[in-house]
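The numbers here are math on the coordinates, done by the rules we state, and not lab data. Source: prediction; values computed, not measured. Reconstructed Cβ throughout: ideal geometry from the backbone, glycine too, with neighbour counts over all protein chains shown.
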Amino acid sequence: MNAIAETRAIRVSGYRALPAYLLEARYEFLRLLRTPSFAVPTLSFPPLFFLLFGLLLNHGNAGAAHYLFATYSVFGVMAPSLFGFGVAVAIEREKGWLALKRVAPMPPGAYLAAKLAMAMLCAAIIYLILAAMAYALGGVRLPAAQWLVLGTVAVGGALPMCALGLIIGSRANASAAPAFVNLIYLPMSFLSGLWMPLSMLPHFLQQVAPLWPAWHLGQLALMTTGQATTGSVAGHLLWLGAFTVICFAIARRGLARAD
Amino acid sequence: MAMDTDVVAALRGASKRYGKLLALDGVDLEVRHGQILALLGPNGAGKTTAISLLLGLHDPDAGSANLFGEQPRALAARCRIGAMLQTTAVPDTLQVGELIALFRSYYMSDSSRQPRTVFDTAQLAGVSDLLKRRYGKLSGGQQRRVQFALAIAGRVEILFLDEPTTGLDIEARTTMWKTIRTLVAEGCAIVLTTHYLEEAEALADRVAVLARGRIVAQGSVAQIRARVGQRRIRCITAVDVAAIAQWSHVRSAVRDGERTEIVSDSTEAVVRRLLDQDAQLHELEIQRAGLAEAFVEITKEAA
């Protein structure tokens, strides 16, 4: 946001902005609670998929449950991030709510930080549901540290996914945004091997997989749980970090164009 | 002479183009401390564009916009302004009290002044009874008042109100006028766009009339009114209205019920002739043209 870039901190000290950050996040959470039509599908979709494909269709196949638990943790973070940023920002931008907040002295970053926190919270809830299902129904047993690190990957995955969503939110109009998000969300999940191992797919798709941020996240999740993967932790983190920064930079330019 | 520090917001030679449309064409505008400036003009005249430049929502293509001598986008400047935009979709699921608390919190980053309390803000905006209601459940007029509350949640030095009373009933409008006057008495400056000329007449110290992106008249309400020499004569007379309409100095003459209404640029001559012709003439009234007539006249000239 240009408004943020040009901010001069003359009489404005950082800690005084804290109440605004907290309220912004709190009300973002309240809005989520009060909109069950968004919250319920977002939170239940990945666990239902996992139940169907990971547990029921592959019943008794511990390897499949193990693999899909890791990759569905990544799949789980995608919807709240992509929809929360892609669709919600597009709507609030188009309808003037964002403009009003930008005219008022909303502290730089409070808006995006609140939305990011909410995406992370959703990702954490989805992860906990998946973990409970994997443990109770899929017989997945991991060392304590692996449960935790995988949870961190799932929640941290909100960063690149929100950045990607924000590109849509900063440019697409409100009615087109859901279509753009869906165009990315489901195909990318599939092409990144979140639904089935890429080794089961044509060779070409395996070659282009490193193009998708979800693939890098998926590889991290699989590494965490000690499964066969490609690349190194540092390599994936670096790729995702660079991807996040670039997306934010592009989105920021889009948001700066007032419309 | 007024010091320049008195100027809280200014456009200097500001132009803005949207595609082929030149929405604003070299506009100079100054708003001073404690002053109410009304921006008038037909739809598409550039009123909202002028405000959006001052708010930093758009950048001028040429010229400049500034608030307190700073870029409109500077956070320090934004801590001192409040705004009510023409189109704002506020989240339906938040309660009025929560929305006010949120906007109030934005103004807390300014260490030099405390924002109003939620209670005070709600009272000033006339939404005290709505605090627990969700925004989406309110009527259009109530929503507009909540937007007004958001604009005044900080202790701001200038308020931008883009058609604030559109959709309000008379009582709500009167409440808002009263609050605007209270704020001005505290030294707040107001920039107001409105379709209601009586609103400008009731509130404004200064009026700027915009037409096709240019300022075609600027001054006090009295000065703008004086731009129009004509006055209105009303009386009950037996003289034929069609005949009066043919007289010199008469712009128009119509019957309004039993009364005759004449618009003239030389009332003395017309009244003398009326009295000569009709000794029974009574209920004579002469009115200076209102802002409405002046406005029509000025925008007609500009077209």
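Normalised size of the range B:1-111, defined as Cα radius of gyration per 2.2 N^0.38 Å with N residues, equals 1.19. The trypsin sites (Lys or Arg not before Pro) of the range A:93-165 that meet both conditions, a loop assignment by DSSP and at most 12 other Cβ atoms within 10 Å of the site Cβ, are A:Arg141. Rg ratio for chain A: its Cα radius of gyration over 2.2 N^0.38 Å, N being its residue count, equals 1.04. Note: the range B:231-302, Cα convex hull, 89 Å³ per residue. For the range B:248-262, 3J(HN,Hα) computed residue by residue from phi via the Karplus equation (6.51, -1.76, 1.60; θ = phi - 60°) reads 6, 6, 9, 7, 7, 9, 9, 8, 10, x, 7, 8, 10, 10, 10 Hz, glycine and proline entered as x. When each of the peptides B:40-46, A:165-171 is scored by how many other beta carbons lie within 10 Å of its residues on average, the order from highest to lowest is A:165-171, B:40-46. Taking only the Cα atoms of the range A:119-162, the radius of gyration and Dmax are 10.9, 32 Å. When you filter the trypsin sites (Lys or Arg not before Pro) in the range B:132-220 for DSSP loop state and at most 15 other Cβ atoms inside 10 Å of their Cβ, you are left with B:Lys132, B:Arg133. Partner shielding of B:93-105 amounts to 5, given as the average count of beta-carbon atoms from other chains within 10 Å of each residue beta-carbon.
Arranged from fewest to most other beta-carbon atoms within 10 Å of their beta carbon, B:His58, B:His195, A:His203 become A:His203, B:His195, B:His58. Could you state, as a whole-number percent, how many of the C-alpha pairs of the range A:168-244 are farther apart than 21 Å? Result: 34 percent of Cα pairs exceed 21 Å.
Note on the range B:162-303: Rg/Rh from Cα positions, Kirkwood definition for Rh, rounded to two decimals, is 1.08. Among B:Thr121, B:Thr175, B:Thr193, the residue with the largest mean-square fluctuation in a Gaussian network model of chain B, with springs joining Cα atoms closer than 10 Å, is B:Thr175.
Taking a ≥ b ≥ c as the square roots of the Cα gyration tensor eigenvalues, with a/c under 1.5 meaning rounded and otherwise prolate when a/b beats b/c, else oblate, which class fits the range A:104-208? In terms of gyration-tensor shape, oblate. Between B:Ser220, B:Ser52, B:Ser112, the Gaussian network model of chain B with springs among Cα atoms under 10 angstrom shows the greatest mean-square fluctuation at B:Ser112.
What the phi angles of the range B:71-77 give under the Karplus curve with 6.51, -1.76 and 1.60, with θ = phi - 60°, is a coupling list of 4, x, 7, 4, 4, 4, 6 Hz, glycine and proline written as x. Fraction of C-alpha pairs exceeding 37 angstrom in the protein assembly as shown: 47 percent, rounded to a whole number. Can you give the helix-only mean residue ellipticity at 222 nm for chain B, where every DSSP H stretch with n ≥ 4 adds -39500 (n - 2.57) and the sum goes over all residues, rounded to the nearest 500 deg cm²/dmol? About -9500 deg cm²/dmol. Qualifying GluC sites (Glu not before Pro) in the range B:117-190, where qualification requires a DSSP coil assignment and no more than 14 other C-beta atoms within 10 Å, comprise B:Glu186. The calculated FRET efficiency for the pair B:Arg259 and B:Gln86, based on their C-beta separation and a Förster distance of 51 Å, comes to about 0.85. Taken as Cα centroids, the range B:242-294 and the range B:117-192 sit 42 Å apart, rounded to the nearest whole angstrom. Note on the range B:4-226: Cα Rg divided by 2.2 N^0.38 Å, N the number of residues, gives 0.98. With the convex hull constructed from alpha-carbon coordinates only, the range A:10-119 shows a mean projected area of 8.7 nm² over all directions. Quick one: of B:Lys16/B:Lys137; B:Lys16/B:Lys178; B:Lys47/B:Lys300; B:Lys47/B:Lys132; A:Lys101/B:Lys132; A:Lys115/B:Lys178, which pairs are farther than 27 Å apart, Cα to Cα? Table pairs above 27 Å Cα-Cα are B:Lys16/B:Lys137; B:Lys16/B:Lys178; B:Lys47/B:Lys132; A:Lys115/B:Lys178. Computed over chain A, the per-residue total of -39500 (n - 2.57) for DSSP H runs of n ≥ 4 gives a 222 nm mean residue ellipticity of -22000 deg cm²/dmol, rounded to 500.
Taking other residues whose beta carbon is less than 12 angstrom from the beta carbon of B:Gln114, and scoring Lys, Arg as +1 and Asp, Glu as -1, yields +3.
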